[in-house]
Amino acid sequence: MSKFETGLAAAALFIAAIALVSCNNTTTVTAPTTPVVRAINPPGAEVSPNFSNGILAGDTMYVAGTQGTDSNGKLPDGIGPQTTAALQNIEAILKAGGFSLNDVVSVNVYLADIHDFADMNKAYVAIMPDPKPTRTTVQVAALVNGAKIEISAIAVKH
């Protein structure tokens, strides 16, 4: 037997010995689990083929941009009533997923006119519970349906 063959045999025996020792010291390794993702569309809400009203991924719910439409799809007049209705619609989406406004951690507010900020803020503060979530508010060029406001939210179950 050559030195190479002897070395190869020794390596094979060493690997076999490690395998035997490893069998006696079992370690359980679990792969990280992927959260279940499901769409949330509350009863009575308009369902779009283009997006879901909410997406539940594990302990987090992502609420799509939501306008202040009523059950007939009509927008009330004024930024205050549209803000109130948008937050009520978000609350319905959250409730359908087992969440509440208390679980909201982040909000994005899109205004058609930044001059509506003070009136929007008055309606927003009246509805959103403390502690208030983080918030970004921006003016956009236009909103679908001629809305004055659209709000998206992220909620985390804690």
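The values are calculated or read from the model by the stated rules, or taken from the named source; none is laboratory data. Not measured: the values here are computed from a predicted model. Here the Cβ is made from the backbone with ideal geometry for all residues, glycine too, and neighbour counts use every protein chain on show.
Restricting the search to region 108-137, which residues are within 20 Å of N89 (Cβ to Cβ) and in contact with a Leu (Cβ under 8 Å, 6 or more places away or on another chain)? Y110, A112, M120, A123, Y124, I127, M128, P129, T137, listed by residue number.
Selection of region 135-147 for residues being surrounded by 11 or more Cβ atoms within 10 Å (Cβ to Cβ) and either β-branched (V, I, T) or touching a strand residue (DSSP E or B) at 6+ places or on another chain (Cβ under 7 Å) (or both) yields R135, T137, Q139, V140, L143. For region 48-70, how many residues meet the condition of being closer than 13 Å to N89 by Cα and without any contact (Cβ under 8 Å) to a residue 24 or more places away in the chain? Final tally of qualifying residues: 1. Hey, D116 hits all of (1) among the charged types (D, E, K, R); (2) closer than 10 Å to I79 by Cα; (3) within 14 Å of the chain's Cα centre (by Cα) but one; which does it fall short on? Of the numbered conditions (1) among the charged types (D, E, K, R); (2) closer than 10 Å to I79 by Cα; (3) within 14 Å of the chain's Cα centre (by Cα), the odd one out for D116 is (3). Looking only at residues of region 36-46 that are part of a loop (DSSP other than H, G, I, E, B) and of a type in the set (A, V, I, L, M), we find that the one that is modelled with the lowest pLDDT is A45.
Pairs linking a residue in region 132-143 that is within 11 Å of N108 (Cβ to Cβ) to a residue that is hydroxyl-bearing (S, T, Y) and modelled with pLDDT of 95 or more, with Cβ atoms under 7 Å and 6 or more positions apart or on different chains, are P133/S106; T134/S106; V138/Y110; V140/Y110. You will find that of T33, T60, the residue that is at pLDDT below 95, under 18 Å from the mean Cα position of the chain (by Cα) and not hydrophobic (A, V, I, L, M, F, W, C) is T33 and no other. Within region 63-84, the set of residues being at pLDDT 95 or above and of a type in the set (S, T, N, Q) comprises T66, Q67, Q82, T83, T84.
Conditions (1) out of contact with any Lys or Arg (no Cβ under 9 Å at 6 or more places or on another chain); (2) within 27 Å of P35 (Cβ to Cβ); (3) exposed (fewer than 15 other Cβ atoms within 10 Å of the Cβ), marked per residue:
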{"position": "K74", "(1), (2), (3)": "yes, no, yes"}
{"position": "N89", "(1), (2), (3)": "yes, yes, no"}
{"position": "I114", "(1), (2), (3)": "yes, no, yes"}
{"position": "K132", "(1), (2), (3)": "yes, yes, yes"}
{"position": "I154", "(1), (2), (3)": "yes, yes, no"}
{"position": "K157", "(1), (2), (3)": "yes, yes, yes"}
